[in-house]
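Below: one structure, written as structure tokens.
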Amino acid sequence: ESLRGIVSGLERDLAESNSRNADLQRSLEESQKRERDKSVEVELLEVDLQRVTRDLAAHLSEASSLRNQVEELSPMAQGLHDSEVKERRLVSLLCRHRVLLLRAQHRLASQSKRYTAFVEKIADLTRGICGANLGISVGLDELQTEVSSMRQEMLEARIILQQSHND
């Protein structure tokens, strides 16, 4: 019996050892699977790293190109800024001249009104003078007619006086 007990104990130990070996084998396979998964993940990360490195190099090249363009365009931008400053000054001058022009137009309109009133007064005076000249002309005509009539009467009176003197 003791041999049976030993064999039985050994069989149990062997079964436990096989169970542990199976557990260890599963554990080893899982570890290997995890290692393969991690290896695949590392490979994917390396591919991503290479892609990111290429993208970064392209972005750096693009940034350098943009920096060069900015440096080339900088004088143009300064020129545009200077032009804007000049344009603002010209607009300011234009506004001031517009104000002066409006004032001059206002003064001209005021002077035109006064000139028109002055011309109307001269026209009124001219009409008055023309009317007076017409009146004087009519009066002179009447005087000439009256003087002619008086001369005629004086001539007739002389003739009568001479006839009466001769008789």
Q) How many of the residues in the range 1-53 are surrounded by fewer than 10 Cβ atoms within 10 Å (Cβ to Cβ) and among the basic types (Lys, Arg)? A) 1
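One line per residue, one yes/no per condition, for (1) among the aliphatic types (A, V, I, L, M); (2) over 35 Å from the mean Cα position of the chain (by Cα); (3) assigned to a helix (DSSP H, G or I):
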{"site": "CYS95", "(1), (2), (3)": "no, no, yes"}
{"site": "ALA104", "(1), (2), (3)": "yes, no, yes"}
{"site": "SER149", "(1), (2), (3)": "no, yes, yes"}
{"site": "ALA157", "(1), (2), (3)": "yes, yes, yes"}
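Residues checked against (1) surrounded by 10 or more Cβ atoms within 10 Å (Cβ to Cβ); (2) at pLDDT 90 or above; (3) not charged (D, E, K, R):
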position: ASP55; (1), (2), (3): yes, yes, no
position: LEU60; (1), (2), (3): yes, yes, yes
position: ARG67; (1), (2), (3): yes, yes, no
position: PRO75; (1), (2), (3): no, no, yes
position: GLY79; (1), (2), (3): yes, no, yes
position: ARG98; (1), (2), (3): yes, yes, no
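The values are calculated or read from the model by the stated rules, or taken from the named source; none is laboratory data. Please read all numbers here as calculations on a predicted model, not as lab measurements. A quick note on method: Cβ atoms are made from the backbone with ideal geometry, for glycine too, and the neighbour counts reach across all protein chains shown.
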